[in-house]
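The values are calculated or read from the model by the stated rules, or taken from the named source; none is laboratory data. Bear in mind the structure is a predicted one, so any value in this text is a computation, not a measurement. Cβ placement follows ideal geometry from the backbone for every residue including glycine, while neighbour counts extend to all protein chains displayed.
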Amino acid sequence: MRKRLVVIVLILILLGNIFAPIEAKATTLREYEELLEKYKNELNSTNNQIYISRQQLEEIQNKIADTERQIKEAEDEIVRLEEEIKKNNEEIAKKKEESKALIEYYQISNGENIYLEYAFGAESITDMIYRMSIVEQLTDYNDRVMKELKELIRQNEERQKELEQKKIELKELQEELHQEAQKVKGDISSMAAMIPDIKNQLSNYENRVNYYRRVGCQPDDEIGVDCDRGNNAYGFVRPVTGNYWISTYYYWNGYSGHKGIDYAQGCGNPVRAVANGRVYYVGSNKDVYHAKMILIVHNYNGRKVFSQYTHLSGYAVSENQDVEAGQVIGYVGTTGWSTGCHLHLEMSVDVGWDYNSPGNYYSSYVSHIVNPYNYVPND
Ligand SMILES: [Zn+2]
């Protein structure tokens, strides 16, 4: 008998565990402090990354300038060698002419004696022989000089080839460096583009943390439940602004009627969070209207308040994102069971759409639906 009782109690405990509502994570001050810290770190590390990337870019640009200088040097050297080759060729031609002239004189002097005096102005045979040997020495000398010049030209041409090759390599290196610089520049601009968003989040959480500390919240207090009860920093606001009209009001008796307020407005107009809160769901799988919807959880006056935005054309937030009252979360649409552009705003207290009512959530949820005008400004 006692054994059976124990078994029943155990079963009840197990059942109790299975069907116990799954509470989504509470928003505590500590959580906001951690988020604040997270964005502070993110801002610091992004700024550091940008700083490092800028230094890298500077190094790359210095290298580019260095290759530029080296290319210029190679080009100057090629021109200088060209000039030298030209000069040496001219020198060779001159030496050739000189030797040719000397040999002509020599031949003349060997042939006809009559031209001997005319050719060399020699005063005696000894003098003549002497002068002939000079001719030989001079042509030998010229041959040697020409040979040396030709060798010099060969060396210069070789050096030119080397320099042309070096130039090609430097240009390739330069191209690589330019690409690297482009990549780093891209990295810098995408990181810089992230900064405003991080700063935004940072100041958002900074404001929250400062505010909740000021009103006496402790780190483990759940905001709006354990502290800051009924003292919403920004209050409730309308989910749409500008020109709109109420196409259907709230009339719900717990099982039939219209569960929310329909704000008729052109598709694409911004839809705003009615109060500070955390986005619990974004999508079209949960909605009984088969529409695109967003569900936000607010902690207010010691209880959880839920706002649901339906028939949206698009989203501007993602799940688990903290939002401020009046922040744009999506856009008016006519998705799902809808006959025109409008926003259907539905609100509930304690139990939200699938939030803490797993299993047969629809039936456990509908009895918690309230008139949104209990919170948002009436029209
Ligand atoms: Zn509606």
Return the residue satisfying two criteria in turn: it lies in the range 234-260 and is within 14 Å of the ligand (Cβ to nearest atom), of a type in the set (Ser, Thr, Tyr) and part of a loop (DSSP other than H, G, I, E, B), and of such residues it is nearest to LEU295 (Cα to Cα). TYR250
Write out, first by first residue and then by second, each pair whose Cβ atoms fall under 7 Å of each other, whose residues are 6+ apart or on separate chains, and whose first residue, in the range 244-269, is under 17 Å from LEU312 (Cα atoms) while the second is more than 15 Å from the ligand (Cβ to nearest atom) and assigned to a strand (DSSP E or B). GLY268/TYR331; ASN269/TYR331
Residue check: is ASP262 surrounded by fewer than 22 Cβ atoms within 10 Å (Cβ to Cβ), among the charged types (D, E, K, R) and at pLDDT below 95? no
Scan of the range 287-303 for residues that are modelled with pLDDT under 90 and either more than 16 Å from the ligand (Cβ to nearest atom) or part of a strand (DSSP E or B) (or both), ordered by number: ASN299, TYR300, ASN301, GLY302, ARG303
Unique residue being at positive phi and free of Cβ contacts under 8 Å to residues at least 60 places away in the same chain when the list is ASN301, ASN285, ASN320: ASN320
So, of the residues in the range 261-274 that are out of contact with any helix residue (DSSP H, G or I) (no Cβ under 7 Å at 6 or more places or on another chain) and in a strand (DSSP E or B), which turns out to be nearest to the ligand (Cβ to nearest atom)? ASP262
With respect to ASN253, is the statement that it is on the phi > 0 side of the Ramachandran plot and assigned by TED's automatic domain parsing to the domain that holds GLY336 true? no
Do we have GLY277 as under 16 Å from VAL237 (Cα atoms), away from the ligand (no atom under 16 Å from the Cβ) and buried (at least 17 other Cβ atoms within 10 Å of the Cβ) here? yes
If the Cβ limit is 9 Å and pairs must be 6+ apart or interchain, which residue in the range 21-34 that is over 13 Å from GLY277 (Cα atoms) and modelled with pLDDT under 90 pairs with which residue that is among the β-branched types (Val, Ile, Thr) and in a loop (DSSP other than H, G, I, E, B)? PRO21/VAL351
Filter the range 323-379 down to residues that are hydrophobic (A, V, I, L, M, F, W, C), buried (at least 17 other Cβ atoms within 10 Å of the Cβ) and over 16 Å from TYR300 (Cα atoms), then give me how many there are. 7
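The rows are residues; the columns are (1) within 14 Å of the ligand (Cβ to nearest atom); (2) not in a strand (DSSP E or B).
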| residue | (1), (2) |
| --- | --- |
| GLN308 | yes, no |
| HIS311 | yes, no |
| GLU319 | no, yes |
| GLY330 | no, no |
| TRP337 | yes, yes |
| GLU346 | yes, no |
Could you tell me whether any residue of the range 352-362 is assigned to a loop (DSSP other than H, G, I, E, B) and either within 16 Å of the ligand (Cβ to nearest atom) or among the charged types (D, E, K, R) (or both)? yes
Listed residues LYS286, LYS292; which is buried (at least 21 other Cβ atoms within 10 Å of the Cβ) and closer than 19 Å to ASP354 by Cα? LYS292
Filter result for the condition that a residue is away from the ligand (no atom under 16 Å from the Cβ), more than 31 Å from the chain's Cα centre (by Cα), polar (S, T, N, Q) and modelled with pLDDT under 95, over ASN231, ASN207, ASN200: ASN231
